[in-house]
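Let me begin by presenting the structure, written as structure tokens, before commenting on it.
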Amino acid sequence: MSPSFLQQLLGRLRQEPRALAVYVDSRLTAPGIGEVDEVALHLAVEGSFAQEVGAWAAALPDLVYSGAEPHGWTLITADGVEWRLCLHGPGAEFGGGGTQPVFDRRTGRPAAAPTAESRQAAAVRSGPPDLAAVAGAFWRDLYRAGRAIRAERPLTAHHWLFACGGHLIDLYRLALEPDSGERGWIDADTVPGLLSSVEPVREFLSAPLEGRAQRRAAHRLAEAFEGLVLPLFRRIGLDYPMALRTLAFASLEADRGAGGAKAATHSPEAPDAGAGTGSASGTKV
């Protein structure tokens, strides 16, 4: 974990008047790993900050990922540390659960019910996906899966691999039915052509529980996803989340020290990137 990034993050939060309180989750070290991979900060904030947190976070340095999640917002820095900003209303209580105060500007404020403003912010965070959001979420969760596989946490890895499969379904849905308001697996059966499109990677959507099989599934899902999404990014002119993608591939290597060098071979510029998956055979994008 980068102490300098933590100092900059907390320094900016102290300067932000809409951040009323910040508490850190003291349980920072993931089981089975002797280092800090995740940092969770619980923030009591005004509703306008919850709506603008993405723009606020964009000025932070050294980020490979910044995106919305149900808890609020997630950042991933180039050293692989995941920073979770858990956003709560102005009256939120953080008295237990292993949290420790960084600062709390409130004085005796009672817990408040969710306001219309905070509900609107939650709705904004959970809105329909776009291509950049789907790609960012896929590589974020593949990174999490690789980290869990390396830590020999197969059930956690299963969860994130299954999430990656859902992001691949999201991508097919955007390609096949762009105006669909649905997301993920639910009612995906109704999208014409989707079932036949995922057939080449069907066995890898089940997310196995053995470590080597999980790595194979992760690589196959990544190749299928990238074989579809990279040409779209190039066609539309979007910036591809390359740093996060490289971090995700590195996390899949059994030896972290060799991960960076091996991940470099998975360049989307290479002739075999996405090749052999057959993932795009049933989808015209």
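If Ala224 meets every condition in (1) open to solvent by 10 Å² or more (accessible area, probe 1.4 Å); (2) free of Cβ contacts under 8 Å to residues at least 60 places away in the same chain apart from one, which number is that one?
Tallying (1) open to solvent by 10 Å² or more (accessible area, probe 1.4 Å); (2) free of Cβ contacts under 8 Å to residues at least 60 places away in the same chain, Ala224 fails exactly one: (1).
Cβ-Cβ distance below 7 Å, separation of 6 or more or different chains: which pairs start in segment 30-52 with a residue that is within 19 Å of Pro3 (Cβ to Cβ) and open to solvent by 10 Å² or more (accessible area, probe 1.4 Å) and end on one that is at pLDDT below 95 and in a loop (DSSP other than H, G, I, E, B)?
Here the result reads Ala30/Asp37; Ala30/Ala151; Ile33/Ala151; Val36/Met1; Val36/Leu28; Val36/Val81; Glu38/Leu28; Glu38/Ala30, each pair linking segment 30-52 to a residue that is at pLDDT below 95 and in a loop (DSSP other than H, G, I, E, B).
Inside segment 113-206, counting only helices (runs of 4 or more DSSP H) that do not spill past its ends, which hold 1 or more residues that are modelled with pLDDT of 90 or more and open to solvent by 70 Å² or more (accessible area, probe 1.4 Å)?
So the answer is 154-176, 194-197.
Take the residues in segment 53-81 that are farther than 15 Å from Gln8 by Cα and acidic (Asp, Glu); name whichever of them is most open to solvent (accessible area, probe 1.4 Å).
Asp79
Considering only residues that are in contact with a strand residue (DSSP E or B) (Cβ under 9 Å, 6 or more places away or on another chain) and either among the β-branched types (Val, Ile, Thr) or in a loop (DSSP other than H, G, I, E, B) (or both), which ones fall in segment 63-86?
Within segment 63-86, Val64, His71, Thr74, Ile76, Thr77, Ala78, Gly80, Val81 qualify.
Inspect segment 174-182 for any residue being of a type outside the set (D, E, K, R) and in contact with a Phe, Trp or Tyr (Cβ under 9 Å, 6 or more places away or on another chain) and give the result as yes or no.
For segment 174-182, residues of a type outside the set (D, E, K, R) and in contact with a Phe, Trp or Tyr (Cβ under 9 Å, 6 or more places away or on another chain): absent.
Would you pick out the residues in segment 233-253 that are of a type outside the set (Asp, Glu) and over 22 Å from Gly211 (Cβ atoms)?
Phe233, Arg234, Arg235, Ile236, Gly237, Leu238, Tyr240, Pro241, Met242, Ala243, Leu244
Could you please find all residues in segment 234-252 being part of a helix (DSSP H, G or I) and either without any contact (Cβ under 8 Å) to a residue 12 or more places away in the chain or surrounded by fewer than 18 Cβ atoms within 10 Å (Cβ to Cβ) (or both)?
Across segment 234-252, the qualifying residues are Arg234, Arg235, Ile236, Met242, Ala243.
Of Leu13, Leu87, Leu60, Leu6, which residue is aliphatic (A, V, I, L, M), under 19 Å from Leu247 (Cβ atoms) and at pLDDT 95 or above?
Leu60
The values are calculated or read from the model by the stated rules, or taken from the named source; none is laboratory data. Keep in mind that this is a model prediction, so the values were computed, not measured. Every residue, glycine as well, gets a Cβ built from its backbone with ideal geometry; the counts of neighbours run over all protein chains shown. Surface accessibility is based on the protein's heavy atoms, side chains included, excluding ligands, DNA and RNA. Shrake-Rupley method; radii C 1.70, N 1.55, O 1.52, S 1.80 Å.
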